[in-house]
Each structure stands twice: as C-alpha cells, then as structure tokens.
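Notes to accompany the following structure.
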Amino acid sequence: MKITAWSWLWLLSGYVLLLGARLYPWMVERNRRATVGSGDECNHLIIRNMLRRAKNPEDTFLMEGFDYPTAFHRFSLLFSDGFVKRLGGLLPLVFDTCLYLFAAGLLIYSGAGISWVVSLFVLCGAFVIHVGRNIHFSERAFGALWGNLYLIAMCLIDASGWSPILIGMAVIFFIGAVLASKFAVQAIIFISLVYAALAGKIEPIVLLLVCQVLGGLLSLGRTFKVQYGVWRHSSFYARYIQGVNPATANQIHAAFRHLRAGRLKTAIKCAIWSPYGRIVLLYPLAIWGVAIAFLSPEQAAARPFVILTLSGLIAATVIATPKLLFLGEPERYAEYVMVAALVGAGFYFPTFDWWQPHIVALFFVYGAGCLMAFYMHYKQMLQYARIGTEEDIPEFSVSLKNKRILTVPVRIAFPMALKGIDAQYIAVLTNIGDSSRQAIFQRVITDFYPYPSSDLQSLIDSERVDIIIVKETALSKINALSGRVYYDFSSLDFLERIGDYAVYRGRSQEA
C-alpha cells in the first residue's frame, strides 16, 4: 500500500500521543524525587549494580539458585550509572517506541497500510495502569517488546508457512522474551496454546517446542533455568503467597456486595478496578478490533492477527479468575497482543460503517466506560508520581555491616540494599529462590505480605536475626489488615530512632 503524507501525519500523531501520556507523569515524578522510586525499581538497580561488579545477588538477598532473567539489567550496562540513575525511567518508553515502530512497519508489510488507526496505539492499558512499568527503571516493557515480536512471528508462520528466516526470528525473539522478563514466557506459552486451539492448528505448539529446544541450546541452558524458576515461583505463589497477599482479594465479589448494599458508586469503582474491568475497559483497541472483525467480511490477511488478539483476551479472562491470579496480573496478557490488535484494526476499521445506529449507541456506552477507566487509572498514576515512591533511608548510627536484618515491612530492604548497606536481608526475594529459601518465606511471612510474622522473638531465633528495622509509619496498614495492634516491640532492646525508622536488637551479640 502506498505511503502518503497522511500516513506520516498519522504515524507522528500516534507517537505524540504516546509521548504525552508517558513523559508528563515521568517529569512530574522527577520533580518530586532525586533518585529512584519503588521497591521493584530498587530491586532492578541492585541486580544491575551486582552484575556490573561481578557480584552474586545471593550475597545480599537470601535466594539460592538465583534464576531471575537479567537480559534487561545487562542491556542497561551499556549506559553509565549516572544516566540510569537520572534517566533510567525513560527506558520503558524507548522499548515501547520500538514496539510502535515495529507495529507501523508490520501494518505496511501486511498490506493494511498506515491510516488513522495507528494513532490508536496509545489505547493500551499498560501505558496508564502501572507507574512502575511506565516511568521507572523496569524490565516489563522490555519483556512485552520481545513477547509481541515472538507472537507476531508465530502469526506470520501461520499465514505464510515454515520459512527458515521466520523460524530463526521466532527463536531469537523467544530467547529474548525468556531472558527479558519472567512474565513474558508465561504470556507466550498460554497465548500460543489458546491460539492453537482457536485456529485448529498444531503449528504454534510445534514452533514453541522448536524454540524451547533451540533456545536452550543457543543460550547454553539459561532459558531452561529461567523457566524452571518461573514455574517454581508460580507454584509457590499458588500454594502459599496467594493466601497471604491482600492484593489478590476478589474485587468482583466486593462489587456485588456493595451493589447489594446499595452503594452503586463504590460497586462501579470495584468493578472497574477488578481484573475483568481492566481487561474490558483498558484495552478497547483489542476488544473493538475483535468485535468489528466479526461484524465485517473476513480478510484472509488479517485473520491470524485477529485470532492472536482474541487469544490474548481469552488468556487474560481465564487467568482473571481468583484461583488463577497467581499467574500474574491478567490484563498483562492483553499487553502481549497489542501489535496484533493494531494490525487487525488496521485492516477493518478504515472500511467499517461506523454510523450504524446500534454501533453508535454501543460505541457511546462502551466509550464512556473506557474513558472513565482510563481517567481513574491515569489519575492514580499521576498521584503516585506526585507523592513519589522513593524510600528515604536515613544514615543509621548502629552498625549494620554484615548483619542479618529483618525489616518491617520486608520490602524496605530494597532501598536499604541499593543505598549500599551491605548486609543479608531476610525474606525479601526468597520466594524466587529454591525450595529451602521458600521455606524461609513461609516462616517469616505468615499472615499478610509484605509484613513479617508478629512473633518476632521466634523469628529472631529461627532466622538468627541480628537487627530489626521498623518503618513506624507503615504499621497502621498492618494494624488495619489484622484488626489489632499487630506488633509488640516492648520485649526488644531499642537501639535508635531516626525519622520514621526505629531500630531494635535481635539476637544478643553472644548468640
């Protein structure tokens, strides 16, 4: 299809919308904090720093069998420490820019062409729902890039047959996805299985097996090790973490309870914040793309992309059931079919009769719901950006070097380790380590993640805790969750209080 001046205008317009949605919250947060933000961002920076210094992450976090994917962290080593500290939060935008340009190229390659549809790329909930994914130093966008590339390669193989070039590309993209993000491989596998079922073909499964074998050989077994860690973590999440993590609460049931009580506004908010609400209302391009495709005469060139989009939506919907939430945030699966959704829409949207009365009515109602959902989530992202998520760790006068430290809540250990406090932090990432380290997590986190058990003396004895550091302003949350004053520090030796932090002695120096 011919590329015109209008094509360039629409392409530029789509990117301007993406830049506006992403740069504004990033600049707002940068004005509020000097260094880094969330605990997850600290974690990624710690892993990067350790790789740069050729150190083992097990030295800081008690997680034997470290198998976290580190391709993103190794990629970031191409940049200076100062650049990553100041501008590392822009790397997700770089990866999403690559994804946008790839989608534009695929629109041209597939024959759909560049039209006004490309400007709808910003209608992806991933760009507004998670401050950590979008404006922090994070691997999530990196994994989504590689995952989309692999699934598109699968579509092209389905459409044009087993080309050695496409197979080679699929293998490279598969390795990239597995080594980029522990979630990416889950998305690839589940979406591929659903695609195979919908298309009635075994080729996607065969391709997956081929990529598994060749990927394992070419990466010298690293892809196998990472995937083993992913499934071990998912199993542990299902068996234990899901029961102690308040974030897995069923918001759909909560919405019905509020509705029965006559609290309509609260019920609507719960429904919008629920996994199903996020899937339906934050991915309108995917939802409308599939719907319009079904209402239009089939176009053979678009069929694989529509099937892939539907596969991502089905995978997300199934995993949104409460018992499967251990497989990750359900709406993230929709993020991995955004390129396919854009290409499918590129075929159907420009020729569809949008002025049919029933389509106009549906578009108005559904559009209003999407607008409300985007507004609520983007507003929340801006709130996080304005208040900042940086943990201001003070300079403790108590010696912490080489000590075994328990923090309350445990995620405070992330910024402490990043600050350079050289110690062993208990139960921070032990859920990623092997079974013996998962046992530590179970002993420490007994009721509500990320808070250690209220039986502190027992933890001091079993985990040989030297120092306990408490963020006192965080205690109100655990008290509310438990319905009581959760911790009693009166039996511990108080050492010092600096700002929001109190420091207590664990085991005696003679122990």
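Quick grid of which residues meet (1) buried (at least 22 other Cβ atoms within 10 Å of the Cβ); (2) within 21 Å of Ser181 (Cβ to Cβ); (3) among the polar types (S, T, N, Q); (4) modelled with pLDDT of 90 or more:
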{"residue": "Lys419", "(1), (2), (3), (4)": "no, no, no, no"}
{"residue": "Asp422", "(1), (2), (3), (4)": "no, no, no, no"}
{"residue": "Tyr425", "(1), (2), (3), (4)": "yes, no, no, no"}
{"residue": "Leu429", "(1), (2), (3), (4)": "yes, yes, no, no"}
{"residue": "Asp434", "(1), (2), (3), (4)": "no, yes, no, no"}
{"residue": "Ala439", "(1), (2), (3), (4)": "no, no, no, no"}
{"residue": "Gln442", "(1), (2), (3), (4)": "no, no, yes, no"}
{"residue": "Tyr451", "(1), (2), (3), (4)": "yes, no, no, yes"}
{"residue": "Asp455", "(1), (2), (3), (4)": "no, no, no, yes"}
Restricting attention to segment 1-53, the residues that are at pLDDT 80 or above, among the basic types (Lys, Arg) and under 28 Å from Leu123 (Cβ atoms) number exactly 1
Residues in segment 114-154 that are farther than 21 Å from Ala180 by Cα and hydrophobic (A, V, I, L, M, F, W, C) total 9
Scan segment 395-404 and tell me whether some residue there is under 30 Å from Tyr501 (Cα atoms), in contact with a strand residue (DSSP E or B) (Cβ under 7 Å, 6 or more places away or on another chain) and not in a loop (DSSP other than H, G, I, E, B). yes
Considering residues of segment 61-120 that are assigned to a helix (DSSP H, G or I), among the hydroxyl-bearing types (Ser, Thr, Tyr) and in contact with a helix residue (DSSP H, G or I) (Cβ under 8 Å, 6 or more places away or on another chain) only, the residue farthest from His136 (Cα to Cα): Ser110
Spans of helices (runs of 4 or more DSSP H) in segment 151-254 with at least 1 residues in contact (Cβ under 8 Å) with a residue 24 or more places away in the chain, surrounded by 20 or more Cβ atoms within 10 Å (Cβ to Cβ) and in contact with a Lys or Arg (Cβ under 7 Å, 6 or more places away or on another chain): 164-180, 182-199, 222-236
Determine if segment 276-298 includes at least one residue that is of a type in the set (Lys, Arg) and buried (at least 23 other Cβ atoms within 10 Å of the Cβ). yes
Note on segment 453-511: residues charged (D, E, K, R), within 15 Å of Arg404 (Cβ to Cβ) and either more than 33 Å from the chain's Cα centre (by Cα) or not in a helix (DSSP H, G or I) (or both) are Asp461, Arg464, Asp466, Arg505, Arg507
Answer with yes or no whether Ile268 is among the hydrophobic types (A, V, I, L, M, F, W, C), part of a helix (DSSP H, G or I) and either touching a residue at least 40 places away in the same chain (Cβ under 8 Å) or open to solvent by less than 30 Å² (accessible area, probe 1.4 Å) (or both). no
In segment 307-365, the residues that are among the basic types (Lys, Arg) and in contact with a Lys or Arg (Cβ under 9 Å, 6 or more places away or on another chain): Arg332
Filter result (surrounded by fewer than 19 Cβ atoms within 10 Å (Cβ to Cβ) and touching a Leu at 6+ places or on another chain (Cβ under 8 Å)) within segment 329-358: Phe352
Taking the condition without any contact (Cβ under 8 Å) to a residue 12 or more places away in the chain and open to solvent by less than 60 Å² (accessible area, probe 1.4 Å), does Gly82 pass? yes
Flag for Ala315 being under 23 Å from Leu145 (Cβ atoms) and of a type outside the set (Phe, Trp, Tyr): yes
Inter-residue pairs, beta-carbon under 8 Å, first open to solvent by less than 80 Å² (accessible area, probe 1.4 Å) and in segment 476-487, second among the small types (Gly, Ala, Ser), 6+ apart: Ser482/Ser454; Tyr486/Ser454; Tyr487/Ser454
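The values are calculated or read from the model by the stated rules, or taken from the named source; none is laboratory data. In this text, all values refer to a predicted model and were calculated from it rather than measured experimentally. Here Cβ is always computed from backbone atoms with ideal geometry, including for glycine, and neighbour counts include all displayed protein chains. Accessible surface areas use protein heavy atoms only, side chains included; no ligands, DNA or RNA. Shrake-Rupley method; radii C 1.70, N 1.55, O 1.52, S 1.80 Å.
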